[in-house]
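Asks: My structure is below; once you've seen it, I'll send some questions.
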Amino acid sequence: MSAVQPAAAPEPLMADPGPSGRFGPFGGRYVPESLVPACLELEAAFREAWDDPGFHQELDDILRVYGGRPTPVTPCRRLSAQLGVEVLLKREDLCHTGSHKLNNVVGQALLARRMGKDRLVAETGAGQHGVATATAAALFGMACTVYMGEVDVERQALNVFRMELLGAEVRPVGSGSRTLKDAVNEALRDWVATVDHTHYCLGSVMGPHPYPWMVREFQRVIGDEAREQCRTLLGGRDPDWVVACVGGGSNAAGTFAGFVHTSARLVGVEAAGGSAMGHGAPGVLHGMRSMLLQDEDGQIGEAHSVSAGLDYPGIGPEHAQLGSVGRAEYVTADDREVLEALQLLARTEGIVPALEPAHALAFVVREAGRRIPSGATVLVTLSGRGDKDVAQVRELLRGAP
Amino acid sequence: MAPPERLGTVLAAKREAGRKLFVPYVTAGCHPAWLEVVGELAAAGADAIEVGLPFSDPMMDGPTIQEASRQALERGTTTASVLDQLARADLPVPIVVMTYFNLVHRAGEARFAGRLAAAGVRGAIVPDLPLEESGPWRDAAEQARVDPVLLVAPATPPERAKRILAVARGFVYAVGLMGVTGERQALAASATAVAERLRGRSSLPVLVGVGVSTPAQAAQVAQVADGVVVGSALVRRLLEGDDPAALGKLARAFRAALDDA
Ligand SMILES: Cc1ncc(COP(=O)(O)O)c(C=O)c1O
């Protein structure tokens, strides 16, 4: 007998996680029994739809003629000259409703319709996912309720009004930290009681199986398009670095899905005050096993960030896997760096990004010529536009010394 | 000392004797006198008592138990402090804890089960741990002689219910309605329907919980179920300032309604 054991086959990354919904040791389906049948139904509906060319055709058509896809990749000439690295932006800010959230929501609304459900519930942090869900509900003639923490209702007031204009009901959540985590709790509580006619339109690559996988698949259009576009712009090459911000991690997962099998370095940027990868431990919340901010007893910690969309104590389970096997790395940017990066992009390129993707930019600005060698090519997913944040940024800059 | 009888054994024997089972719930630490309340509930004729270990994100709970959990945590309640108090209390009825899986996971299944057993706890309900994910926890609990209670919901299809019943221990927790814990004006039709579907299908007692709010509703449920779990109706009064004796009185009303059912 040989003493040398054959090496275990490497886990296939960003593949179908199968019925258990596991990404290595992360993921799963930790929901109350009342919700298990609904999750199973959703998984079956998604598998069937994702195998159905007719479904893809309809989804692609809507995203094209209604959503504005494909979104361009923009080379940043002045910013690149200043930083000494070649920055390319994947422009999800040009998607209808102003962020990547629409990609996922149109997919889920189509699935809801296939399952015969006529109401959507959603959680929202920055309000972008809420706006996207309200938009899809209007488009498909469905009822829509959006849960939003009271803190976020305050700092994203404009998005609350947008959702109401679109015909959705916004319910402020006053429990816990009154941010995204608590909005998810409340959306789940709603869903338990309404699951016979309601679909929970979860906004990121988190939650119980099949959500992390399904949402990544609905968002992979970002990465698939970007890879082609980069090859055209870079003379057939892939970018050296691919960078995206991470709240739950949907724009990052969608981006990474296009590049995971290339040699590009993948970087997810969390808010410094909400770094589940940096300061968390494995835990179970909102239906998934992943990295979570928590104390010794297992009580969930509170995230703190200027950006409502990244103010979440967890991260999608597939990111926990990509981080633990070393295929992607997860770093942070703090509030000050983020505000500076936002202004820099505005002044050099004429693009005002949302606070969330300003985290991804902040990493590039900080590390250009340091960790990111001069001359490297860097694709950054610009997940949303900054209009929603203008009033908040104005306040922050006024208060700044 | 002989080990204490298993929860399932105690409850099944009472059911065989023709008694309807009454399992009241209180969130540990939600009130300075919570342990006195447990004593009153036992004296009022509870067959077991469900003690909630507070969690920061109780997603299966409605406003009352959310608020109780918040107050408990604000007072510095921890798993260790609760188990310590229970271990010293020497209660005359079995204690079943209810908590969310992250508290179990953080400690590690085996360690958590061992800590429960050491405190004299005889069962555990973990509502966000469905059948498919429950294997390691059930094994660890079994090792420690703690009964892992499983839930069946109104939405659970019959074939799935069968698989849950096959591995359930202690009692079967039949969820009375599709929704979170909390009081309801009227008993949901699903409360009796779910018990009806499970009747005679398990050697364990079938208890209906969630939405059983009054003694009259408890009596109605007991027509088809082996008993009830009552939580928010008691906890709300405790949060509103009722003293332990007043809760004991309400518990006796539930007991009487079940005895007459
Ligand atoms: C523009 C934008 N980017 C990113 C995020 C974070 O979500 P995710 O990490 O799922 O992409 C949000 C969330 O609100 C957002 O609005």
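Asks: Please work out the Cα convex hull volume for the range B:21-260 and give it in Å³ per residue. Spell out each step's value before the answer.
Replies: Values: hull volume 25.9 nm³, N = 240.
In the range B:21-260, the Cα convex hull volume per residue is 108 Å³.
Asks: If we restrict to alpha carbons, what Rg and Dmax does chain A come to, in Å?
Replies: Considering chain A through its Cα atoms, Rg and Dmax are 19.9, 73 Å.
Asks: Under a GNM of chain A (C-alpha, springs under 10 Å), which listed residue has the highest mean-square fluctuation: A:248, A:273, A:84?
Replies: Judging by the Gaussian network model, the answer is A:84.
Asks: Now for a different question. With Rg and the Kirkwood Rh both taken from Cα atoms, where does Rg over Rh land for the range A:257-401? Kindly include the intermediate steps, with their values, before the conclusion.
Replies: Values: Rg = 16.0 Å, Rh = 16.2 Å.
With Rh from the inverse mean 1/r over Cα pairs, Rg/Rh is 0.98.
Asks: Efficiency by 1/(1 + (r/R0)^6): what FRET value for residue A:57 and residue A:391, r their Cβ-Cβ distance, R0 = 60 Å, to the nearest 0.05? Display every interim value, and only then the final one.
Replies: Details: r = 40 Å, r/R0 = 0.67.
So the FRET efficiency works out to roughly 0.90.
Asks: Between their Cα atoms, which of A:101/A:181; A:117/A:388; A:90/A:388 are more than 21 Å away from each other? It would help to have the intermediate numbers written out before the result.
Replies: Details: A:101/A:181 18 Å; A:117/A:388 30 Å; A:90/A:388 19 Å.
As for pairs spanning more than 21 Å Cα to Cα, those are A:117/A:388.
Asks: Calculate the tail of P(r) for the range B:148-261: the fraction of all Cα-Cα distances greater than 21 Å, expressed in %. Show your work: numbers first, answer last.
Replies: Numbers: 2321 of 6441 pairs.
Counting pairs separated by more than 21 Å, the tail of P(r) holds 36 percent.
Asks: Can you give me the long-range amide H partners of residue A:332? Hydrogens built in the peptide plane at 1.01 Å from N, cutoff under 5 Å, separation of 5 or more residues or another chain.
Replies: Answer set, sorted by chain and number: A:270.
Asks: Further, regarding this structure: Calculate the all-directions average of the projected area of the range A:21-104's alpha-carbon convex hull, and give it in nm². Mind showing how you got there, number by number?
Replies: Numbers: hull surface 36.8 nm².
Averaged projected area of the range A:21-104's Cα convex hull equals 9.2 nm².
Asks: For B:162, A:101, what's the fewest-to-most ordering of other Cβ within 10 Å of each Cβ?
Replies: Working: B:162 13, A:101 32.
With the fewest neighbours first, B:162, A:101 line up as B:162, A:101.
Asks: Mean 1/r over all different Cα pairs, inverted: what Kirkwood radius does the range B:24-115 give, in Å?
Replies: Values: mean 1/r = 0.0742 Å⁻¹.
Hydrodynamic radius (Kirkwood, Cα only) of the range B:24-115 equals 13.5 Å.
Asks: Describe numerically, in nm with one decimal, the distance between label points set 7 Å from Cα along Cα→Cβ at residue A:65 and at residue B:43.
Replies: 7.5
Asks: If you don't mind, there's one more thing I want to ask. Once amide H atoms are built 1.01 Å from N in the peptide plane, which residues 5 or more positions from residue A:288, or in another chain, come under 5 Å H to H?
Replies: Amide H neighbours of residue A:288: A:30, A:207.
Asks: Skipping prolines and chain starts, which residues have an amide H placed within reach, meaning under 5 Å, of the one on residue A:123, given they are 5 or more residues away or on another chain?
Replies: Under 5 Å from the amide H of residue A:123 lie the amide H atoms of A:147, A:203, each far enough along the sequence or on another chain.
Asks: Additional query: Calculate the spin-label point distance for residue B:80 paired with residue A:196, positioning each point 7 Å from the Cα along the beta-carbon direction, and give it in nanometres.
Replies: Result: 4.7 nm between the two label points.
Asks: Turning to a different aspect of this structure: I'd like the FRET efficiency for residue A:139 and residue B:259, computed as 1/(1 + (r/R0)^6) with the beta carbon distance as r and R0 of 45 Å, rounded to 0.05.
Replies: Numbers: r = 57 Å, r/R0 = 1.28.
So the FRET efficiency works out to roughly 0.20.
Asks: Which whole-Hz ³J(HN,Hα) couplings does the range A:59-64 yield from phi under the Karplus relation 6.51 cos²θ - 1.76 cosθ + 1.60, θ = phi - 60°, glycine and proline marked x?
Replies: Working through the residues one at a time gives 4, 4, 4, 5, 5, 7 Hz.
Asks: Something else now. Using just the C-alpha positions of the range A:143-182 as equal point scatterers, what log10 of I(q)/I(0) does the Debye formula give at each q in 0.24, 0.35 1/Å?
Replies: Relative scattering, expressed as log10 I(q)/I(0), comes to -0.72, -1.14.
Asks: Where does each of A:145, B:181, A:133, B:214 land when they are ranked from fewest to most other beta-carbon atoms within 10 angstrom? Don't skip to the end; give the middle numbers.
Replies: On the way: A:145 22, B:181 27, A:133 32, B:214 19.
In order of increasing Cβ crowding within 10 Å: B:214, A:145, B:181, A:133.
Asks: I need the calculated FRET efficiency for the pair residue A:118 and residue B:193, taking r as the beta carbon distance and R₀ as 22 Å, to the nearest 0.05.
Replies: Values: r = 24 Å, r/R0 = 1.11.
Working from the Cβ atoms, E equals 0.35.
Asks: So what are the three principal axis dimensions of the range A:204-305 from its Cα atoms, in whole Å, longest to shortest?
Replies: Here the Cα extents, ordered largest to smallest, are 53, 28, 21 Å.
Read-outs throughout are calculated quantities, based only on the coordinates presented, and are distinct from any laboratory measurement. In this text the structure is predicted, and so the values were computed from the model without any measurement. For neighbour counting, all protein chains shown are included, and Cβ atoms are generated from backbone atoms with ideal geometry for every residue, glycine included.
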